[in-house]
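Here the structure is laid out as structure tokens; the discussion comes afterwards.
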Amino acid sequence: MTHRQRLSMIAVTLLAALGLATAGANPAAAAPSAQAAAPPATTAVPSIPVTGAFTDATGGTGTFAGSFTPTSFAAQNGSLLATGTLTGTLTDAAGGAVGTVTQTVSMPAAVAQATCRVLDLTLGPLHLDLLGLVVDLNQVHLTINAVPGPGNLLGNLLCAITHLLDQNPGAGSLAAILNFLLALLGQL
């Protein structure tokens, strides 16, 4: 595997791990526009599926199905904001296509929750002679991960402790890193 392929895999993995919140995106407000945004410059950037619902002209519940392809990231009020192209199809309650959307939108982004590595210990083979009781143990690999989240008191505590000395880069630094990864993907 070449250096470029490894770098591409790392960048795609990091971007795929980025979960994009769709709470601020209103597909109904994203009506088809004459000013349709140009498609992304590269297909190496992964798209995130986006779904939603809206009230159609008959008062029924229509659906939106499409994808969001990030093109840049920025810090805004201490939060990470993703800007990119939203494409998809609006379908009314009867199942008929109302229209398609290709529009540049911005929405809040969050890094997916991960576990915190607390301990990773590997012991070689052990031979214990305990007053005539012989214990032979092959290689032992002990991994302890803390899982943070609501109700996970010990996981939250251990994750906080393991990251106590980490520097928090903030949303601005994270946006810069993600924009750099997008630029690298654009060069492939």
The listed residue being farther than 30 Å from A74 by Cα, at pLDDT below 85 and surrounded by 11 or more Cβ atoms within 10 Å (Cβ to Cβ), out of V111, V118: V118
Qualifying residue in segment 139-149 (condition: modelled with pLDDT under 85 and touching a helix residue (DSSP H, G or I) at 6+ places or on another chain (Cβ under 9 Å)): yes
Residue count, segment 134-155 (criterion: under 17 Å from V118 (Cα atoms) and without any contact (Cβ under 8 Å) to a residue 24 or more places away in the chain): 6
Test result for H127, open to solvent by 80 Å² or more (accessible area, probe 1.4 Å), farther than 23 Å from L80 by Cβ and either modelled with pLDDT of 80 or more or touching a Cys at 6+ places or on another chain (Cβ under 9 Å) (or both): yes
Exclusive hit being at pLDDT 90 or above and open to solvent by less than 40 Å² (accessible area, probe 1.4 Å), set L90, L182: L90
Strands (runs of 3 or more DSSP E) contained entirely in segment 55-133, each with at least 2 residues that are touching a residue at least 40 places away in the same chain (Cβ under 8 Å) and over 28 Å from N179 (Cβ atoms): 97-111
Hey, T55 touching a Pro at 6+ places or on another chain (Cβ under 8 Å) and surrounded by fewer than 17 Cβ atoms within 10 Å (Cβ to Cβ) or not: no
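The values are calculated or read from the model by the stated rules, or taken from the named source; none is laboratory data. A quick note: this is a predicted structure, and the numbers were derived from the prediction, not measured. With ideal geometry, Cβ positions are generated from the backbone for all residues, glycine too; neighbour counts draw on all protein chains shown. Accessible surface is based on the protein model in full, side chains and every heavy atom, while ligands, DNA and RNA are left aside. Shrake-Rupley method; radii C 1.70, N 1.55, O 1.52, S 1.80 Å.
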